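Take a look at the structure set out below.
Laboratory data are not the source of any read-out in this text; all were calculated from the coordinates shown. Since we're looking at a predicted model, the values are computed, not measured. Cβ placement follows ideal geometry from the backbone for every residue including glycine, while neighbour counts extend to all protein chains displayed.
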Number of protein chains: 4
Amino acid sequence: MSAANDGHMMAYGGDPVTKSAVDAFRELCGLDVEVLFTFGGTGANVVALSCLLGRAESVLCTSWSHINVDETGAPERFLGVKLQDVPSPTAKITPQDIEAACGALGNVHHVQPGVVSVTQATELGTLYTVDEIRAVCETAARRGLRVHLDGARIANAVAAIGGGRETFRRLTFGAGVDAVSFGGTKNGMLGAEVVLLRPGLADGRAEFLRKQAGQLPSKMRYPAAQFVSALENDLWLSTAAHANEMASLLHSLVADLEELRVAPPQVNSMYPYLSPAARAELQAWSFFWDWDLPAGQVRWMTSWDTTEQDVRSFAAGIRETLRGA
Amino acid sequence: MSAANDGHMMAYGGDPVTKSAVDAFRELCGLDVEVLFTFGGTGANVVALSCLLGRAESVLCTSWSHINVDETGAPERFLGVKLQDVPSPTAKITPQDIEAACGALGNVHHVQPGVVSVTQATELGTLYTVDEIRAVCETAARRGLRVHLDGARIANAVAAIGGGRETFRRLTFGAGVDAVSFGGTKNGMLGAEVVLLRPGLADGRAEFLRKQAGQLPSKMRYPAAQFVSALENDLWLSTAAHANEMASLLHSLVADLEELRVAPPQVNSMYPYLSPAARAELQAWSFFWDWDLPAGQVRWMTSWDTTEQDVRSFAAGIRETLRGA
Amino acid sequence: MSAANDGHMMAYGGDPVTKSAVDAFRELCGLDVEVLFTFGGTGANVVALSCLLGRAESVLCTSWSHINVDETGAPERFLGVKLQDVPSPTAKITPQDIEAACGALGNVHHVQPGVVSVTQATELGTLYTVDEIRAVCETAARRGLRVHLDGARIANAVAAIGGGRETFRRLTFGAGVDAVSFGGTKNGMLGAEVVLLRPGLADGRAEFLRKQAGQLPSKMRYPAAQFVSALENDLWLSTAAHANEMASLLHSLVADLEELRVAPPQVNSMYPYLSPAARAELQAWSFFWDWDLPAGQVRWMTSWDTTEQDVRSFAAGIRETLRGA
Amino acid sequence: MSAANDGHMMAYGGDPVTKSAVDAFRELCGLDVEVLFTFGGTGANVVALSCLLGRAESVLCTSWSHINVDETGAPERFLGVKLQDVPSPTAKITPQDIEAACGALGNVHHVQPGVVSVTQATELGTLYTVDEIRAVCETAARRGLRVHLDGARIANAVAAIGGGRETFRRLTFGAGVDAVSFGGTKNGMLGAEVVLLRPGLADGRAEFLRKQAGQLPSKMRYPAAQFVSALENDLWLSTAAHANEMASLLHSLVADLEELRVAPPQVNSMYPYLSPAARAELQAWSFFWDWDLPAGQVRWMTSWDTTEQDVRSFAAGIRETLRGA
């Protein structure tokens, strides 16, 4: 970003830094995607959905999805759209869920499913396989629906599945996904998100929809510069792989504590159970979010800058708290 | 309506017929409610919710509710609002459901519950008792929420519970309900619905919201005249009671057919199970709606103009179809 | 409507009366238009615009237009759309207005003109000629825009221009108009409006948009029956011609009163000037609407059921008031 | 920003940098305003308006206003609201404009004016005096309306009027303004805007509206840090004063070129006229925006980092182009 701060440049993306970032994303996707930098993750999802939705259509998602529970109704407010939330114990949507919702197609009393939104990695820390994503996309396409992938944690997913850029392609556009919200904020950036859109969608109006959603950065070179750095030498994948490893390490250090009932992490999150007293004591010492308060479940996440020392200290703290003084 | 058609009258409700209807509704409610005639049921619900919703608020309802599944996303489209649909085997929302949703109050990442919408009689033909409605309203009020009652079939509910106008009051404003969508269309009218709103709500802007929703009838005397007739001598209750009785009669005539697995109706609807062949044969003969197609469940409804002869013929037809020729 | 009230019929338009009305409109238009009955005029305009608007588009109209000033912001509220209102002394939009607005096409900071909305007869009682409508449509088409015609008073316009059904066609679909809001309410009906939509528009979702807008009549045979009667033997044109004639008669009876400064009516409205005292006295005696209050201008309208006797009495009253006792 | 980048901090504003920025703004305003950082200017305006608007209300603004012409319909899209744009040769709204619009208050067919939005400095580079702002606020308050000030260039206005922080207060909350969009992006920051809201408005839901609008920065310390620096030692005012001076310098250097017809700048913008050939030649050499293309008018702006040398070079270039080789 410091480099991007020198000299005068054209606003609204007409600068060489933005052009580099666009090129880098097109190479990553193996496709001339439309690249729409946005300010935040809520904005990225709203812009992506606005590009994919047709008249009187709804969005299919799981009841765990971030767009459904963590965006204060932003999609409904901006898009005027119903989110049809499907229950799912794994936070993954299935071809069967799509087929069931499509039973309403053509019935004037029901909203018409138009977009399927999947999250990768999911809000429960689970992963779609390449085959699962492809099956969702094929069912959607057969029924005339488009597919959005909320990739706030796509880096962690790609890193966990392995294989680098080729894996990214097979999990997204290669599988038939139409738009990806590609997250930077949760992977070490100052705050930058981007929508990658399959060419030819949104009637050439994607940029206008971004502006309407209040997501057009006038000094676009700053978010762009962050992505240029992240994509260079696949830094985005190595930071995410590190976060995943730190989660595995944490799990290995506390897995014997049975009261936690903590499953091995697939990416960089764990969902252990704590007694109210232990939870309060631990949160006071090192903040983390509650997950399912009535059930006593919390969420532990590692990130690009979590160190092995952080993890060992935290694990020791847990052990001390649970085994008591 | 023929009477209302004579002579010239002021448009948009400035006529004596509308004034009579407003007076009749205020007497019915025992309260100087705001009376907002609308064109249809979808419009009535949208107008009622627009009067009750505050900033960044959501609507709590069951996943069975008409506003959630049968209005093609009209509430989300016009109101820009999330409907938080709660699973319920009886299609009734409980104080516990409200409390659970209110756990999100004050958390900026979650939409804020603002209105509870209950349906009476419910979409499954079940009934809230007066105590149940009151408990919902008390919980809502304690948490700062308002209560909307979708009364497309309120007449059938009042008739089933018994007690006339006093029962209506105890089921609605007396219990703490803030707005009622009072249905005429399903109870014999040519097409007329009305929103009854507790005085002092909507910042004096209820009429403007109705107009914005495209629900201001310019020739308001026509819907008004229908309600004047319906409220006179409690015709609305006797027609609804008749519909309920016809449903009971139908049940009594087919209850022995075990494959139907049909529960006794609380109002004017039943939800029997039919084999695909029997369903097709019966629908071809006398149309009715499917309910849960994969489960083989259909919906039979009686209405204000169903005759005993209709019921006996239909029951005989069912028996013949199921027992075969 | 009495005829339509006998016997049981399918709801939501699946009845023979609705089919007759649809056929009658298709014959009138000389085209297999989609026929969407709606409850009111605001709803008809909102549904028509929702069928024509694309992503991030605006509506061009004059600052006099009904959608701009008389619908309480309903189009903005439901459609989330900007109305770009063009000043016009005649309430008519021109090809030059369209060209000027299209200067913004492609500029991401400006909303993109997508629909031109014209009113015929206009809110000032003026008329577009066939050539003027055609020129508007040709400019719009060349720029990729669609054209909506608000025809709340299309009957009066056709009657004034002369020529019957063929004139209607040349003023609308023959000229290139894409959607017509065809008014019944202002032309003698109990309350019925309809949207006529060029085939192939709205991605097959017009009916869903109508339902979202709260404009799907469940007992559709009632509005349909009114249109069947109106279209039979061109009753809609003879009632409108009568209203126009009554306006001409009124004008001929008061044209010598110079203080009125009243121009000869083109259809069924006049916009005379009155002193505050004269206005108050006349309105108390026979209600009419103010038009431009600061300028002292009012609006006089005649209608399908205005009699020659009505007109002569009103003219005499005016004369008496102005010439005073 | 580099300082803000060290160590781990709470997300969504729970960090000491954000607290410092909030305190600095409250001191600047002399009032415990609600301080809502947003990503961009469009977002700031949308959030501010969403906090001030009531049911079925419109926004009054001039037809020049940025919210009306330069935000791609974002306010209409997100807010579902009509912008009532008033013609004004100076881009300033007057108490008379407000009174005229308020003639519609109480008329159900017209949208209800609810918020007046003024821009300071205006889009034409003009300034409201303190008395003019106060008069607008008093008229608005008397009619029950709230006032929004779009302050994308408030720094330039304060610097031009003189007097520092006290002047800022007298131009905004001291005059009765209810919400200010305070711009950073146009005054040297990487990209940061903030909404300052009079305490007690928006029903305590301002933060929720910001989140719905996609404007909640998760790493809030970065925009906050920029404002901390800008407010320290009134840097925001000295950078703006510099931009204003550079505009004055430029004017003094080209004022004798009569074909430019350029008025002395009040802040940091000028609107000269150029022939198409001269415009093309100059823009190719040093980019600037067109203003009124058919009239041959362009816009020249100076900024915080424009140097005296830049200005002298540009003026020389103009002279050379116009006087020709």
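Given contacts defined as C-alpha pairs under 8 Å and at least six residues apart, what's the relative contact order of region C:68-204, whole-number percent?
18 percent
For region A:152-157, what does the Karplus curve 6.51 cos²θ - 1.76 cosθ + 1.60, with θ = phi - 60°, yield as ³J(HN,Hα) per residue in whole Hz, taken in order and with x for Gly and Pro?
Karplus-based 3J(HN,Hα) across region A:152-157 equals 4, 10, 5, 4, 5, 5 Hz.
How many angstrom lie between the Cα centre of region D:94-135 and the Cα centre of region A:209-248?
42 Å
Please state the relative contact order of chain A as a whole percent: Cα pairs under 8 Å, 6+ residues apart?
Normalised by residue count, the contact order of chain A is 21 percent.
Using modelled amide H (1.01 Å from N, peptide plane; none on Pro or chain starts), what sits under 5 Å from the amide H of C:Val147, excluding residues fewer than 5 places away?
C:Val116, C:Asp178, C:Ala179
List the distances, in nm to one decimal, from the label point of D:Val108 to the label points of the same position in every other copy, shortest first, placing each label point 7 Å from Cα along the Cα-to-Cβ direction.
Between copies, matching label points for D:Val108 lie 2.7, 4.1, 4.5 nm apart.
Post the alpha-carbon centroid distance, region C:303-325 to region C:142-208, in whole angstrom.
Their Cα centres are 33 Å away from one another.
With a/c under 1.5 counting as rounded, go ahead and sort region D:73-129 into rounded, prolate or oblate using the C-alpha gyration tensor (a ≥ b ≥ c being the square roots of the eigenvalues; past the cut-off, prolate if a/b is larger than b/c, else oblate).
Oblate, because a/c is 1.5 or more while a/b does not exceed b/c.
Listed highest first by mean packing, meaning other Cβ atoms within 10 Å per residue, what order do B:28-37, C:160-169 come in?
Result, highest mean Cβ count within 10 Å first: B:28-37, C:160-169.
Apply the Karplus parameterisation 6.51 cos²θ - 1.76 cosθ + 1.60, with θ equal to phi minus 60°, to every residue of region A:268-279 and state each ³J(HN,Hα) to the nearest whole Hz, in sequence, with x for glycine and proline.
10, 9, 9, 10, x, 9, 9, 5, x, 5, 5, 4
Enumerate the calculated ³J(HN,Hα) couplings along region A:281-293 in order (Karplus 6.51 cos²θ - 1.76 cosθ + 1.60, θ = phi - 60°), each rounded to whole Hz, writing x wherever the residue is Gly or Pro.
Using θ = phi - 60°, the values come out as 5, 5, 5, 5, 7, 8, 4, 8, 7, 5, 10, 10, 4 Hz.
Could you tell me the calculated FRET efficiency between B:Gln309 and D:Asn107, based on Cβ-Cβ distance and R0 = 56 angstrom, to the nearest 0.05?
0.60
Pull up all non-local amide H partners of C:Tyr12: gap of 5 or more, or a different chain, and H-to-H distance under 5 Å with H placed in the peptide plane.
Those qualifying (amide H under 5 Å, at least 5 residues apart or on another chain) are C:Lys219, C:Met220.
Using only alpha carbons, build the gyration tensor for the protein assembly as shown and give me the equivalent ellipsoid semi-axes, biggest first, whole Å.
Over the Cα atoms of the protein assembly as shown, the semi-axes work out to 50, 45, 28 Å.
Quickly work out the C:Ala263-to-D:Val130 label distance, labels modelled 7 Å from Cα along the C-beta direction, and quote it in nm with one decimal.
It is 5.0 nm.
Just grab the label-to-label distance for C:Asp203 and C:Gln297, each label 7 Å out from Cα along the Cβ direction, in nm (one decimal).
Each label point lies 7 Å from its Cα, and together they span 4.2 nm.
Under the rule of -39500 (n - 2.57) per DSSP H run of 4 or more residues, summed and divided by the residues of chain C, what mean residue ellipticity at 222 nm is obtained, to the nearest 500 deg cm²/dmol?
Result for chain C: -12500 deg cm²/dmol, rounded to the nearest 500.
Under 1.5 on a/c is rounded, so check that first for region B:1-106, then, if it is not, pick prolate when a/b is larger than b/c and oblate when it is not; a ≥ b ≥ c are the square roots of the alpha carbon gyration tensor eigenvalues.
It comes out prolate by the Cα gyration axes.
Using the alpha-carbon atoms, what tilt in degrees (0 to 90, nearest 10) does helix B:16-29 show relative to the longest principal axis of chain B?
Helix B:16-29 sits roughly 80 degrees off the main axis of chain B.
As a footprinting exposure proxy, order A:Leu201, D:Leu196, B:Leu216, C:Leu293 by other Cβ within 10 Å, with the fewest listed first.
C:Leu293, A:Leu201, D:Leu196, B:Leu216
If amide hydrogens are placed 1.01 Å from N in the peptide plane, which non-local residues have theirs closer than 5 Å to the one on D:Thr62?
D:Val86
With 10 angstrom as the radius, rank B:Trp304, D:Trp289 by how many other C-beta atoms surround their C-beta, starting from the fewest.
Arranged by neighbour count, lowest to highest, B:Trp304, D:Trp289 become D:Trp289, B:Trp304.
Suppose a student asked you for the relative contact order of region C:10-80, using Cα pairs under 8 Å spaced at least 6 residues apart; what percent would you report?
In percent, rounded to a whole number, it is 23.
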